[in-house]
């Protein structure tokens, strides 16, 4: 089995690579692996002999053709310009997120002889395809109203994926990932960054800033759960998807207050005391329009599973990122 | 006021042109008119001195720039490869319906100096953005599941329109037209063609074939109502649209049996006797997946109005296409 990961150098790409090498897909180890990204992806430990590292821009002429020339059986397309950058640079967002995705699908469609190649394509989409006004809980058949260019680009990707799948050019599945918490690494300036940093920094004995009120509610999954969703999408029988090839992934609906109480239970009052409340009206206004809760019956019926408490999410972070123990504990 | 109609040679384009010249937009007559299509649009009666006829392919390099160079205040973008052709020719459908639409929006965005030009853009979308499984009545916030490439292309057009509007590059409104009945002209081979021909041909003393059962229900408006929708979309205050720039248009939910009974009341048993029942399983299967009824509260609140009976639709056809009387009457 030949697996291609586009966006392999990112956080999820690296976790997915490690998980594939550890567990395979449906228990089968990839014997060929192509890891592609705009920055050089690292050579993973335990990679098969036939592993290629490709540093290339998916939207550049020839890149998509090069990536599918080896006819990978499963393609994970995780590459994207993220929300903030796609909003700041309109042309770059459309070039990578729309034209890059379409170039990939076209390269698959045009592989000769026609109709001889139909890979599984896993496309990571986003909650950003949805926008207010929202019902209290957002059902699987809720309307697409992107409120960012990133969201519009992901929604267009979902429509292309659906049409190319319906026409039989590829076997696509789109998964809308929850906001990932606790995202490892350094604080970043994404509007959603505090959902991770108010836990990650205190667990590390450092101060973090909370820019919104504790009553703010949102939809979460751990990096481990998100990696599991992507892998599961590469494994499952897509015939159950019918005409709707994109699915909202399960998550945990939690308030910032829930996050803080979970931190208290796992790491104590001392950790919670490191959260400094400093309201940021810009961040608060952005977050206000975000979804709070989804019904994800379709994805659950297909075996996608998320965490059910923020304590579990914090424990997963400690296991996966902190070698199983709190610094200083 | 400078008005540009792209797709001006089509049935709706010609009716829209005539209506604009007769009534203006918000009572104001266009003093400049640009009529564009891939086939030469006819010079309309009563056109202003400054009328340009442009024969060009919107997706060809330079065409979109040429069309917006005169900075039309209102742009009606009706041009599209229709459903059957977009399904038969995948590349042509994407080239015209997606790339052509994006080229138009990009030409508007890139007009110099930046930000100085923000026309009203009316985009005709379609019920084909929706697909089963359907609730009994489809609400304004129902999910997009195109079951044809045409539907996917129109849904992508809606997303682009929404994003370009949100970013302030243009002032867009998308309107999803009902199936038009009674479409004037010759019978065509569209799967939906019989919804018009079973009325149009008998009104003209000719035989027509009904390929489905009388219980089939669908969503209709007359060509006059559809023209009115397009014109209204060019006139209304778009601030009421909020983030959702595309609207399902009102229509009449009717069965084939309702159509036939209306024909009987207007034109008698002799007309009805000209309908020959000849089941076509292919057409029946296509039509089975089509929507039957919509809730269109948003559009109604904005002043869009459709017919409320098929007798009205038939009378409109007699008035607009048959000079007010039945042939032979």
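Given the condition surrounded by fewer than 20 Cβ atoms within 10 Å (Cβ to Cβ), at pLDDT below 95 and either within 9 Å of chain B (Cβ to nearest Cβ) or closer than 15 Å to residue A:289 by Cα (or both), answer yes or no: does some residue in the range A:89-112 qualify?
So far as the range A:89-112 goes, no, none of its residues is surrounded by fewer than 20 Cβ atoms within 10 Å (Cβ to Cβ), at pLDDT below 95 and either within 9 Å of chain B (Cβ to nearest Cβ) or closer than 15 Å to residue A:289 by Cα (or both).
Output the residue which, of all residues in the range A:117-132 that are crowded, with 21+ Cβ neighbours inside 10 Å and within 12 Å of chain B (Cβ to nearest Cβ), is nearest to the chain's Cα centre (by Cα).
Here the answer is A:128.
Can you pull out the residues in the range A:239-260 that are more than 14 Å from chain B (Cβ to nearest Cβ) and either loosely packed, with under 15 Cβ neighbours inside 10 Å or under 16 Å from residue A:179 (Cβ atoms) (or both)?
Answer for the range A:239-260, where residues must be more than 14 Å from chain B (Cβ to nearest Cβ) and either loosely packed, with under 15 Cβ neighbours inside 10 Å or under 16 Å from residue A:179 (Cβ atoms) (or both): A:239, A:249, A:250, A:251, A:252, A:253, A:254, A:255, A:256, A:257, A:258, A:259.
Of all residues in the range B:274-286, which are assigned to a helix (DSSP H, G or I) and either free of Cβ contacts under 8 Å to residues at least 24 places away in the same chain or surrounded by fewer than 16 Cβ atoms within 10 Å (Cβ to Cβ) (or both)?
B:281, B:282, B:284, B:285
Might you let me know whether the range A:250-260 holds any residue that is at pLDDT below 95 and within 23 Å of the chain's Cα centre (by Cα)?
Checking the range A:250-260: not a single residue is at pLDDT below 95 and within 23 Å of the chain's Cα centre (by Cα).
So residue A:70 passes all but one of these: (1) closer than 24 Å to residue B:160 by Cα; (2) more than 21 Å from the chain's Cα centre (by Cα). Which condition number does it fail?
The one condition residue A:70 does not meet is (1).
Residues that are surrounded by fewer than 19 Cβ atoms within 10 Å (Cβ to Cβ): find the strands (runs of 3 or more DSSP E) completely inside the range B:1-55 holding 2 or more of those.
Those strands (runs of 3 or more DSSP E) span B:50-55.
For the range B:171-194, check the following and say yes or no: at least one residue is within 14 Å of chain A (Cβ to nearest Cβ), farther than 21 Å from residue B:83 by Cβ and crowded, with 22+ Cβ neighbours inside 10 Å.
yes
Mind telling me which of the residues B:226, B:240, B:271, B:267 ends up being outside any loop (DSSP other than H, G, I, E, B), under 27 Å from residue A:130 (Cα atoms) and in contact (Cβ under 8 Å) with a residue 60 or more places away in the chain?
None of the others qualify; the one that does is B:240.
Could you tell me whether the range A:306-321 includes any residue that is within 20 Å of the chain's Cα centre (by Cα), buried (at least 16 other Cβ atoms within 10 Å of the Cβ) and assigned to a loop (DSSP other than H, G, I, E, B)?
Scanning the range A:306-321, I find at least one residue that is within 20 Å of the chain's Cα centre (by Cα), buried (at least 16 other Cβ atoms within 10 Å of the Cβ) and assigned to a loop (DSSP other than H, G, I, E, B), so the answer is yes.
Quick test of your reading of the structure: residue A:289 fulfils all but one of (1) surrounded by 16 or more Cβ atoms within 10 Å (Cβ to Cβ); (2) closer than 23 Å to residue A:143 by Cα. Name the failing condition by number.
Among (1) surrounded by 16 or more Cβ atoms within 10 Å (Cβ to Cβ); (2) closer than 23 Å to residue A:143 by Cα, the lone unmet condition for residue A:289 is (1).
Being at pLDDT 95 or above and in contact with a helix residue (DSSP H, G or I) (Cβ under 8 Å, 6 or more places away or on another chain) is the filter; apply it to the range B:274-293 and report the residue that is farthest from residue B:189 (Cα to Cα).
B:274
Looking at the range A:160-169, which of the residues that are in a loop (DSSP other than H, G, I, E, B) and surrounded by fewer than 20 Cβ atoms within 10 Å (Cβ to Cβ) is nearest to the other protein chains (Cβ to nearest Cβ)?
Checking each candidate, the answer is A:167.
Name the pairs: first residue in the range A:133-159 and more than 8 Å from chain B (Cβ to nearest Cβ) and closer than 23 Å to residue B:240 by Cβ, second residue modelled with pLDDT under 95 and not in a loop (DSSP other than H, G, I, E, B), Cβ to Cβ under 6 Å, at least 6 apart or on different chains?
A:148/A:83; A:148/A:87; A:148/A:128; A:151/A:128
Where the second residue is loosely packed, with under 15 Cβ neighbours inside 10 Å and the first is on the phi > 0 side of the Ramachandran plot and lies in the range B:39-52, which pairs have Cβ atoms under 8 Å and are six or more apart or on separate chains?
B:46/B:22
Just need a number here: residues in the range A:133-159 that are over 21 Å from the mean Cα position of the chain (by Cα) and crowded, with 19+ Cβ neighbours inside 10 Å.
Number of matching residues: 0.
The values are calculated or read from the model by the stated rules, or taken from the named source; none is laboratory data. Computed from a predicted structure; not experimentally measured. Because the Cβ atoms are built from the backbone with ideal geometry, glycine has one as well, and the counts that use them run over all protein chains shown.
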